Amino acid sequence: MVLTINVAVLLAVIIVVRLRRRTQARKRSDEQLTVVIVLVFGVLVAPTAFGQGIADVVGQLANGITDSGR
C-alpha cells in the first residue's frame, strides 16, 4: 500500500506540473498523455480512504443537484 500512495503522489505532482503549462504550447499527443496519467492516478487513488472520501462527497453533491432539480 505504501508503494501505491507514493506512486499516486508522484503522479499528482506530474499532473500539476503538466497542467501549469500554457495551453497553446501543448500538442495533441501531449494532452492525450496527460489524460492517461490522470486516469492512472484515479485508479491508484480510488481504493484509498482519501479516494473513497472524494467519491462520497461527489456522490452527495450529485444527489443534492438532482434533488434540487425536482
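Quick look at the numbers
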quantity	calculated
Considering residues of region 15-30 that are within 19 Å of the chain's Cα centre (by Cα) and not in a helix (DSSP H, G or I) only, the residue surrounded by the fewest Cβ atoms within 10 Å (Cβ to Cβ)	20
Of all residues making up region 1-14, the number that are at pLDDT 70 or above and exposed (fewer than 13 other Cβ atoms within 10 Å of the Cβ)	3
Qualifying residues in region 31-70 (those that are surrounded by 10 or more Cβ atoms within 10 Å (Cβ to Cβ) and charged (D, E, K, R)) - the one farthest from residue 18 (Cα to Cα)	56
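The values are calculated or read from the model by the stated rules, or taken from the named source; none is laboratory data. A quick note: this is a predicted structure, and the numbers were derived from the prediction, not measured. Ideal geometry is used to build each Cβ from the backbone, glycine not excepted, and the neighbour counts take in all protein chains shown.
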